[in-house]
Structure formats: structure tokens, C-alpha cells
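Student: Before I ask anything, let me first share the structure, which is written out below as C-alpha cells.
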Amino acid sequence: MPRPETSEPIRVAASQTERWTQGDYTVWRLRGRVELTQGPSAWRGEEAIVWVDQPASFDKPTKLIVYLEAGADAPVRVDLYSDKPDPAATPIARQQASEWFGRLWSVGGVTWETPPPGGEPAEKPAVFTRGLARFNSEWDSLEGDLPTDGRKRDDSLQPVQFLGDPFATVAPAPVVVDASQPSFRSVQLFPRYGAGMKVEIFTPPGGEAVGQLSGGVQLVISGVDVPGMPAAAGPVDRVDLEADRAVVWTSGVAGLTGGRIDQSGETPLEIYLEGNIEFRQGERTIYATRMFYDARRRTGVILDAELLTPVPEIDGVEYPGLVRLKADALRQLEDSRFIADNATFTTSRLEEPTYALKSKRITFEDFQRPVIDPVTGTQAANPFTGEPLYNREQSATAEGNRVEFGGVPLLFWPTIETDLKEPSYYIDDFQVRNDSIFGFQILTDWNVYQLLGAKAPPGIDWTVTADYLSERGLGYGTTYEYGIDRFAGVDGPANGRFDLWLIDDNGIDTLGLGRRDIIPEESFRGRAFWDHQQKIRGGVLNDWKAQAQIGWISDRTFLEQYYEREWDERADQPTGGRLRRTVDNQSLSIEANGQLNEFFTETEWLPRLDHWLMGQDLGGQTLTWFAHSHVGYADLNPASTPTSAQLAGQFFLFPWEAALEGERAATRQEIDLPINLAPWGVPMKVVPFFLGEAAHWGASLAGDDLQRTYLHTGVRASAPFWAVNPNVRDPLFNLDGLAHKVVFDAEASYTDASRNVEEFALFDEIEDNALEDIRRRIFFPTVPAFQDPRFHLVRSGIQGWVASPTTEVVDDLSVVRMGMRHRLQTKRGAPGNQRVVDWLTFDSNASYFPEDDRDNFGEPIGLVDYDLAWHLGDRFTFLSDGFYDFFTDGLQTYSAGVALNRPSRGNAYVGWRSVRGPFNSDLLSLRFNYRFGPKWIGSASTVIDFGEAGNIGQTFSISRIGESLLFTLGLNVDESKDNVGVSFLLEPRFLPKTNLTRRTGIDIPPAGADGLE
């Protein structure tokens, strides 16, 4: 029902009343013939509780929270009238229920037509208790509990004014519906073309009146179709029909001459339409040449039909195109269910689509509900187009199927049932490649549920993989992803992913320069990976978070050879489980880990308990306390030596790796004293801090147990400054005013540890397996001190973190760190719609080491870095960064480059990086993606080292954009692996996020998303 205007006054009437105060609210109990009216709406019942919140000023609305109950003989009635409420008039719509709860707002005041109220009862009535319980169960998600302690409520969120049970978080109260009370509908008639419409009414012999419409007509049918329930809670109840001609059978059809009929929802209404038919319901549109529609039963028969409907969001990505269902005959069985005979299911807008699923029969379900704005209580709308928004659930079941490409059948399958969030048929991914490492490759992923002809459970995505690699063998596996509300009998939202892939490998590995022609340690190879997370609900572990992970790899080179990007970029894949509970600023976790891959260094925790306390206020916001304590039993297992002589010649154990096991316990505490100097005219915040730790190890590199204490203390300071000059304008540099904001940071600290870092084995990993592998190869047979990651972490100040990821890395240190963060901002955009953007950002840091011989290899200055981004325009940016250590063979690197981006057209980057230190390199990088026209996209990239390495590699690709498919042909040159590869990729254009878009950054919407191409 429409929401009354807040400008309308509210009228309250009842036979008996009581009134008292509860916090900031005045509470009224109303009994006997209770009636509330506002505008054209009226609420009637036998007993009510009303909480009244009077505004602080006259221009603010008065707010009423109303709980209304039915009597023994009559339900609660919510009536909507065409004008002012009148008990003698017939409402145009009515809802009925055993109770009603909602909020009313009015700036027009409240009129109380009641006898003088009595005082507060000695014992609160049962209706008050029920009303308060209803409030808490219904509105917790929007506003919180009803205040009872004088606390002022936050009224910035306005909940739904006329919405009751349908959106409750618990089971709704029973609804009492008067079956004799009909729903109502409105039928409106408009000319389709603005003029020329003709309306004729005639009565056949012995029959009822018939309306014959011609000259182009538009019929709009709308109304409240479910008694006792709000229209917003059910299916879309507005139907818009357009046609050249129509015949209408209904009671009172003569009213069409006046342009409108108001009638009961049970009144028969049948319509026959011909010529260029458009049938719209919510976001769904059907085109046809002939159609019969029964509005009362919501059924119909459509000949030569074509249905267009949007697809729901897929993984948070909104699909911009439309799904198209074309059929010889389309029958609508109810609001959201259709059956199509001799049907074509596609996203193509061509008469003869390039890519389609053709079936003897398709059952299509398209259920759509309006999206309700929680602030206004009305249907939400697209902020750009103003069109109403809907949530959608769509599925299709097809029989006698064949997938056709260019009119040629490629695949037959008897039955398929699919959720339309899966926009492909059977095959989720198909790639063809060729290179010298894997040979000729055909890579396919298949949708399991579509192959089985079954509907996928909500939140489940299951595929099987079948791959052919001519130089390696047949690969097979499966991927199972889930996002569900219950896992293994335990309640609570859970999500995870299981990935298995296996191959009987008859080839050799090529990993890069100096690591070619390696015989794998295993011939039957693969990996299994499972990652699971769940927030447990109910039971003794209520609100605990459960995490589990299994990471099995057949051998040390498998992941780098077959999943190189995952090896380079993603975290290690250990095996273990963890339970974690977080309450406010505290967290408690217990975990256990095991080792499945002996060729990587891993620590087994059997088990480990951690407790964190972060930012706890002490002494009335004077002191701040941080703490981390943990205890566990650790078993450190170093990596095994490779069986390949080539790899064994590049392998050694780091100084911190040894086969050790024993207990470890530590507690680290920090107290801060933040001081704001602004009240004394100094724009600065100063924080003296004191951090200390006591720790015990049951085993050390020397074989004995160890105890260590350390102290880390000092002071941090931060000072912000800003200046604005609105008169700076320069069209060349895109300046319209200039604001400069800068923050200067500094920290002086002193660390004193009772033990040196070299005495400890590292039970906590400080590098991923991929980085450890690189470090072993580059610095074989030993890591020099200036490249020891432990010393770099100490110099960088990791021992100053309470939540440091490593306990062992602590040593003596004295350092002063300084940094600054600059932001130069300007305004851009059309006049009246300008926005503030960063014009230039510049961050820089440096460290001073008073005891440089001990702490920084004899240099007082180190760890100097900067990061610069100069946004000359919204699409053009100059980038540069650098890092410098000044001791011998310390890392010194800088880069400079420019980036150009035109989102719909293309992007490019050219940059130079120079590296000096343990090795020297000068790299030129170029990347280019460009859409040459409507049908073609070209991409190229190259990396060249002007030092010893020479050419690194190149990639080239050309993509053709078809009406339904994207075809990409690519060439890849990898000099380090002595590999040249050719790839061929064919993918549907209608995927919500295509591989082509992810690779190039150029958005490719489906054909027809922006109109006919």
C-alpha cells in the first residue's frame, strides 16, 4: 500500500485510555474500538499500545510506534481509501491480520479523540508485554531495542511504516484472513501511440459485455492481490500489456470508455491481444504476435513468443544483458512459471542466434520480489535510471536438448536443470593451447549438476575437469565451492573450496633458467586443497569461528610447474585447523597443524593457544594496553633434500632451520600514553610507549632450552598540517584550486634483548615457500648477513609489534624513524558536480641508526623509500617508487613510468626499473591493451633486461568480439624457460566477467546491453 504523506495529521480514537512515561516516550494504552487514520489509510482493532516520541522542534515529525491487536470477533484491518477514511465507504484495498506493528510519522500533529486517560497501571498489561516483544523481534535489525532508560534513540533510520510479518527474522505470527474479503485490482487503459485508439463495447446474444480495442492500446493491471499481506512481500502485482488490438471480457467492461475500471480481484478478467505485443511484469518483458491472458488466474498462452528478462547478480557482479527465451508457444501457468514448446534459450538478440540451447520443452521459473529500502520502507529504485529494483530467483528445466553453434549441433543431452546464475551450458571453461612444455592442450571444465540434469543446491558450485596435455598425459579433477548456512550438521554460515587435480605425468619439468629438464620426484602427480571457514551458531561454540585447511602436493616442483601464478602470488597451503572467538577487542584461538609436504619447511603445532587484547583503555582514556600471549608445543621439520641432482646442487638449509621440537610460551605486553598537544596550541600527538616480553623455548639451535626477555621503549609523534589556495588554476595541469595536506611521523625507540636472534630456530615462518626457494638458489651455499631476512626484519622494527607474526625475530636495536605523507588535492568535474581528487601523492620514510656498526652494517642512514603518484588527469598518471640501503651490496632500486587508461577503449603502461645490490638489473616494461573497433582488441607486453639477463619474455594476443562469443588467439614467449606457446580461447560473451575483461581491463558488455549493435 502507498505510504501516507508525513504532512498528513494523525487521528487516534478509542473508548478507554491509560497513559504513562517511559524514558523519552509517552506510552498510551488504547482499548475498545481503536482507530488510527492518516491521509487515505486507516488502522482498526480492539486494543493497542502506542509509544509517542514528541519532536524537539516544530519542523520535526512526531513519531508513533503502534502495536495493534484484534478482538475476539474481528481481525485487525488496514484499509486504503480513494479519499479520506470513511467507515461507510468501500476501501479500494484491505489487509487483515491478528495483529499489526509499524511506525507512523507526521509533521501535521496528532489528534486524540479519546476520554481523559488514566494513570500508569500497577502491573503492565499483557498487551504491553506482547507489543514490546514484537518490537524487539521485528526491528532489532533496523533500530535496536526500545529504550527504557531515558536514553535518546537514534532516529536516523526510518523503518518500514506499513510492513509487518513478511520481513521478520523469526516465524511470523499467524495471520487471520477473512476469506469473504476480496482483494482489489485496477485496470487502466491508455493509447499506445498517443492517438487513434478506438474503444467499442458490445454484448453478444446471450453473453456478457465485451470490449474491443484497436488502434494501439496499453492496459495496466495493478492491485493488492493477497489479503492480509502487504503487496511488497509477494510477487510483482503490476502487469503492463501493449498491443495493436485487444478484446477484453470482464464485468463492468464499459468502464474502459472512461479509461479505468476498479474491481475485485476475484472478478474474471480475460484479454486477447494481437499485433506487436509487449507484456511487462517487473523487469521481465515478453514479445509476441498473439496472446491470451487470464488476469485473475495469472495464466496465459502466447504464440510466436519471445521473453526477455535480466539475470540475477552472479558473485556480486551485475550482468548487464538479458536472457532471451523464444518459442513457438509459451504458456504462463502462474505469476512466475512458464512452459515453452520448441524453445530456444540464448542471450543473443539475433533472429538466428550464434550460440543457443534448443529444447523440445523448457520450463522457466522467474520469481521476482521488490527490493525494499530499509530507510523509507518503499520499493528501492536504481539511482541512475529511476527504475524499480527487484530480487530475482531464476531457473530453467529443459528436455530434449542440443547446444548449437552457428546452427550446427555440438552437444546433445536428454535433461538439464540449471539456475540462471550459471550462464553457460554444460561447459564452464574451454581452452586450447600449445607450447613446448605441455604440448598441445585441451582444457575443459564441466558443470556437474547440469550433466546430471539436477538443480544445484543454493550456494553450491561443482565442476569436474578433463584435460589433455600431449607432452604430459591426461589430467582430471574436480572443484567444489560452497557458501551455505549449515555444514556437517553445524549451524552457521560456512564457505569453502575444495580443489583436486591429478595427472599421470610422463614428461619433464622446465621451471626457468638453470632449472630445465628436471625429472619429477613423482610420476603420479597432483594436488588437493581444501579451505573452509564457518561462523558457528548455537551450542557450546556459539559465535566461534572455525577454520580448516588441507594442502597436499605430490612433489616439490608440481605447484610451480602447473600452477605457477598460484605458486608466485598466493600464500602457502598448510594443513591444520583453528577455532577462534573474538569479543570486542579480545580474541582467543586454539589450533593444531600437521605436515603433509616434507619437501617444505613446516612447523607442526600440537596444539597452540593464543590470546590477544588490542587497544584496551586504562585509567579513563589515559593509558592504552595491548597484549599477546601464547603457548604451544612445536615440531619444526626442515625441508628434505631434492632427489634431482640439478636441484640438490642449488639446495641448502638456512641457519635458522633445524629438526627441533619442544614447548614454547611467551607473553608480550605494551602500554601507551597518548598525549594530544592541540589544547596547548601544538598540532601534534605524542605517544610514549613501553613494550616488554618474557618467553621460553624448550629447544634451541644449540640443543638447550632458552629463556629470553626484552624491552622495547620509546616515543612516537605525529603532526598534520594543511594549506588551501583556491586561486590556483591551470588547464594544462588540470588544476582548479589546490589543497596541500601533509602528516609528519617520527619514532625514536630502544630495544634490549637478553638473547641474540641467531640463537633461535624460526618456528614461525617469515617467508612463503616460493621466496625461500628463490633465496636458496640465489645465495647458495650460504645467506650473507646483509641479505638475512631476520636482520632486515629487526632493522624494520618488527619487534615493536605486539601482534608480530614471529616471536623469535628480536634483537638489540637503537633507531630513529621519520616519515612524511603528502597529498595535493584539487577539484575536477562539471560545474556544480565537482569532486575532490588526489592530484599528487608522495610518501617517504628514512631511518637513522645511532649504533650503525651493530645495527646497520656501518651506515647511519638506511631503509630510505619513497612512493610517488602524479595524476595529471583522470586517465593519465606518472608513477615512481624507490628503496635504498647504503651499505655495500645493499638493495638500491627505483622505478619510473606512465600509465594511461581509457576504460572503454584501452590502457597502456611503460616503465623502467633499476636494481642494484646482490645482483644488477635494468628492466624496461611495456604493456598495451587497445580496442581497435567494435570487433577487435589487441594486447601486447614485453619485459627486457638491459643487464645480463637480456630478453625476459613477450606476450601478444588478438581478440575478436562476436555477437555471442569472444575468440582470442595468443602467443607467449618465455625466454627463461626456452618456451614458445600458442593459446586459443573461446568463451561466451554473456559471462558476467569475461577472461578478456579481466586480462585487458576493457569492459565487454553482452551484445544488446546498450541497444542493437
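Student: Can you find, within segment 594-605, the residue that is surrounded by the most Cβ atoms within 10 Å (Cβ to Cβ) among those that are assigned to a strand (DSSP E or B) and charged (D, E, K, R)?
Tutor: We begin by selecting, within segment 594-605, every residue assigned to a strand (DSSP E or B); these are 594, 602-605.
Within this subset, residues satisfying the condition of being charged (D, E, K, R) are 602, 604.
On the way: Glu602: 23, Glu604: 20.
Taking the candidates together, the pick is Glu602.
Student: If you go through segment 942-970 one residue at a time, how many are part of a loop (DSSP other than H, G, I, E, B), more than 34 Å from the chain's Cα centre (by Cα) and not small (Gly, Ala, Ser)? It would help to see each step written out before you state the result.
Tutor: As a first pass, look at segment 942-970 and keep what is part of a loop (DSSP other than H, G, I, E, B): 946-949, 962-964.
Add one more test, that the residue is more than 34 Å from the chain's Cα centre (by Cα), and what stays is 946-949.
Now drop any that are not not small (Gly, Ala, Ser), which leaves 946, 948.
So the answer is 2.
Student: Identify the residue in segment 74-94 that is among the β-branched types (Val, Ile, Thr) and closer than 16 Å to Arg3 by Cβ and, among all such residues, is farthest from the chain's Cα centre (by Cα).
Tutor: Taking segment 74-94 as the starting set, the residues that turn out to be among the β-branched types (Val, Ile, Thr) are 76, 78, 90, 92.
Restricting the remaining residues to those that are closer than 16 Å to Arg3 by Cβ gives 78, 92.
Values: Val78: 39, Ile92: 42 Å.
Top of the filtered list is Ile92.
Student: When you go through Pro720, Pro781 one by one, which is the residue that is over 42 Å from the mean Cα position of the chain (by Cα) and at negative phi? Lay out the reasoning, then the answer.
Tutor: Numbers: Pro720 fails: over 42 Å from the mean Cα position of the chain (by Cα).
Sole residue among the options that is over 42 Å from the mean Cα position of the chain (by Cα) and at negative phi: Pro781.
Student: Inside segment 256-279, can you point out the residues that are touching a residue at least 60 places away in the same chain (Cβ under 8 Å) and of a type outside the set (Val, Ile, Thr)?
Tutor: Residues satisfying the conditions are Leu256, Gly259, Arg260, Asp262, Gln263, Ser264, Gly265, Glu266, Leu269.
Student: Looking at segment 22-137, what strands (runs of 3 or more DSSP E) fall wholly within it and have at least 2 residues that are within 30 Å of Ile261 (Cβ to Cβ) and either without any contact (Cβ under 8 Å) to a residue 40 or more places away in the chain or among the basic types (Lys, Arg) (or both)?
Tutor: On the way: elements: 25-38, 41-53, 62-69, 76-80, 93-97, 99-106, 110-113.
In segment 22-137, the matching strands (runs of 3 or more DSSP E) lie at 76-80.
Okay, residues lined up against (1) of a type outside the set (Phe, Trp, Tyr); (2) closer than 26 Å to Leu879 by Cα:
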| site | (1), (2) |
| --- | --- |
| Asn920 | yes, yes |
| Tyr930 | no, yes |
| Ser959 | yes, no |
| Leu966 | yes, no |
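Student: Yes or no: Ser939 in a loop (DSSP other than H, G, I, E, B) and out of contact with any Pro (no Cβ under 8 Å at 6 or more places or on another chain)?
Tutor: Numbers: in a loop (DSSP other than H, G, I, E, B): no; out of contact with any Pro (no Cβ under 8 Å at 6 or more places or on another chain): yes.
Judged against the criteria, Ser939 is not a match.
Student: Which number in (1) surrounded by fewer than 16 Cβ atoms within 10 Å (Cβ to Cβ); (2) out of contact with any Lys or Arg (no Cβ under 8 Å at 6 or more places or on another chain); (3) under 18 Å from Lys545 (Cβ atoms) marks the one condition that Arg608 misses?
Tutor: That leaves (1) as the condition not met.
Student: Here's something else I'd like to know. Taking into account only those residues within segment 100-111 that are modelled with pLDDT of 85 or more and of a type outside the set (Phe, Trp, Tyr), which is farthest from Ala48 (Cα to Cα)? Give the derivation first.
Tutor: Here is the first cut: in segment 100-111, the ones modelled with pLDDT of 85 or more are 100-106, 110-111.
Of the ones still in play, those that are also of a type outside the set (Phe, Trp, Tyr) are 102-104, 106, 110-111.
Details: Gly102: 12, Arg103: 13, Leu104: 14, Ser106: 19, Val110: 16, Thr111: 16 Å.
Top of the filtered list is Ser106.
Student: Cβ-Cβ under 6 Å, sequence separation 6+ or interchain: first residue in segment 769-785 and at pLDDT 85 or above, partner hydrophobic (A, V, I, L, M, F, W, C) and in a helix (DSSP H, G or I). Which pairs?
Tutor: Going by the 6 Å Cβ cut-off, the qualifying pairs are Ala770/Trp567.
Student: Could you go through segment 524-539 and let me know if any residue there is farther than 30 Å from Ala645 by Cα, aliphatic (A, V, I, L, M) and in contact (Cβ under 8 Å) with a residue 12 or more places away in the chain. Quick ask: steps written out before the conclusion?
Tutor: We begin by selecting, within segment 524-539, every residue farther than 30 Å from Ala645 by Cα; these are 530-539.
Then keep just the ones that are aliphatic (A, V, I, L, M); that gives 536.
Narrowing further to those that are in contact (Cβ under 8 Å) with a residue 12 or more places away in the chain: 536.
The answer is yes, given that some residue of segment 524-539 is farther than 30 Å from Ala645 by Cα, aliphatic (A, V, I, L, M) and in contact (Cβ under 8 Å) with a residue 12 or more places away in the chain.
Condition check ((1) modelled with pLDDT under 95; (2) surrounded by 16 or more Cβ atoms within 10 Å (Cβ to Cβ); (3) among the small types (Gly, Ala, Ser)) across all residues:
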{"site": "Leu872", "(1), (2), (3)": "yes, no, no"}
{"site": "Asp881", "(1), (2), (3)": "no, yes, no"}
{"site": "Gly890", "(1), (2), (3)": "yes, yes, yes"}
{"site": "Trp912", "(1), (2), (3)": "no, no, no"}
{"site": "Asn920", "(1), (2), (3)": "yes, no, no"}
{"site": "Leu926", "(1), (2), (3)": "no, no, no"}
{"site": "Ala949", "(1), (2), (3)": "yes, yes, yes"}
{"site": "Arg960", "(1), (2), (3)": "yes, no, no"}
{"site": "Leu966", "(1), (2), (3)": "yes, yes, no"}
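Student: Of all residues in segment 554-593, how many are touching a residue at least 60 places away in the same chain (Cβ under 8 Å) and either in a strand (DSSP E or B) or exposed (fewer than 15 other Cβ atoms within 10 Å of the Cβ) (or both)?
Tutor: 2
Per-residue answers, yes or no, for (1) of a type in the set (Gly, Ala, Ser); (2) in contact with a Phe, Trp or Tyr (Cβ under 8 Å, 6 or more places away or on another chain); (3) within 30 Å of Gln534 (Cβ to Cβ):
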| site | (1), (2), (3) |
| --- | --- |
| Ile427 | no, yes, no |
| Phe438 | no, no, no |
| Gln450 | no, yes, yes |
| Asp461 | no, yes, yes |
| Leu469 | no, yes, no |
| Ala494 | yes, yes, yes |
| Ile508 | no, no, no |
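Student: Within segment 654-664, which residues are in a strand (DSSP E or B) and surrounded by 17 or more Cβ atoms within 10 Å (Cβ to Cβ)?
Tutor: Of the residues in segment 654-664, the ones in a strand (DSSP E or B) are 660-664.
Once the filter is applied, which keeps residues that are in a strand (DSSP E or B) and surrounded by 17 or more Cβ atoms within 10 Å (Cβ to Cβ), segment 654-664 yields Leu660, Gly662, Arg664.
Student: From the set of residues in segment 442-489 that are hydrophobic (A, V, I, L, M, F, W, C) and part of a loop (DSSP other than H, G, I, E, B), which is nearest to the chain's Cα centre (by Cα)? Walk me through how you get there before you give the answer.
Tutor: Looking only at segment 442-489, we keep the residues that are hydrophobic (A, V, I, L, M, F, W, C), and these are 442-443, 446, 448, 451-452, 454, 456, 460, 462, 464, 466, 469, 474, 484, 487-488.
Then keep just the ones that are part of a loop (DSSP other than H, G, I, E, B); that gives 454, 456, 488.
Working: Ala454: 27, Ala456: 21, Ala488: 25 Å.
Step by step, filter segment 442-489, then rank; the result is Ala456.
Student: Among the residues of segment 611-650, which ones are β-branched (Val, Ile, Thr), within 38 Å of the chain's Cα centre (by Cα) and surrounded by fewer than 16 Cβ atoms within 10 Å (Cβ to Cβ)?
Tutor: Val631
Student: Could we say that Ala627 is in contact with a Phe, Trp or Tyr (Cβ under 9 Å, 6 or more places away or on another chain), within 25 Å of Pro805 (Cα to Cα) and in the same structural domain as Ala699 (by TED's automatic domain parsing) here?
Tutor: On the way: in contact with a Phe, Trp or Tyr (Cβ under 9 Å, 6 or more places away or on another chain): yes; within 25 Å of Pro805 (Cα to Cα): yes; in the same structural domain as Ala699 (by TED's automatic domain parsing): yes.
Yes, satisfied.
Student: Let me confirm something: among Val728, Val815, Val794, which residue is part of a helix (DSSP H, G or I) and either at pLDDT 95 or above or surrounded by fewer than 16 Cβ atoms within 10 Å (Cβ to Cβ) (or both)?
Tutor: Working: Val728 fails: part of a helix (DSSP H, G or I); Val815 fails: part of a helix (DSSP H, G or I).
From the options Val728, Val815, Val794, the qualifying one is Val794.
Student: So Pro204 fits all but one of (1) closer than 26 Å to Ile302 by Cα; (2) modelled with pLDDT under 85; (3) within 44 Å of the chain's Cα centre (by Cα); (4) surrounded by fewer than 18 Cβ atoms within 10 Å (Cβ to Cβ); what number is the exception?
Tutor: (3)
Student: Residue check, Gln787 against (1) surrounded by fewer than 18 Cβ atoms within 10 Å (Cβ to Cβ); (2) over 30 Å from Leu511 (Cα atoms); (3) polar (S, T, N, Q), all met but one. Which one?
Tutor: For Gln787, the exception is condition (2).
Student: Can you tell me which residue in segment 185-194 is surrounded by the fewest Cβ atoms within 10 Å (Cβ to Cβ), limited to those that are more than 30 Å from Arg94 (Cβ to Cβ) and touching a Gly at 6+ places or on another chain (Cβ under 8 Å)?
Tutor: Tyr193
The values are calculated or read from the model by the stated rules, or taken from the named source; none is laboratory data. Fair warning: this is a prediction, and the values are worked out from it, not measured in the lab. Heads up, the Cβs are rebuilt from the backbone with ideal geometry, glycines too, and the neighbour counts pull from every protein chain shown.
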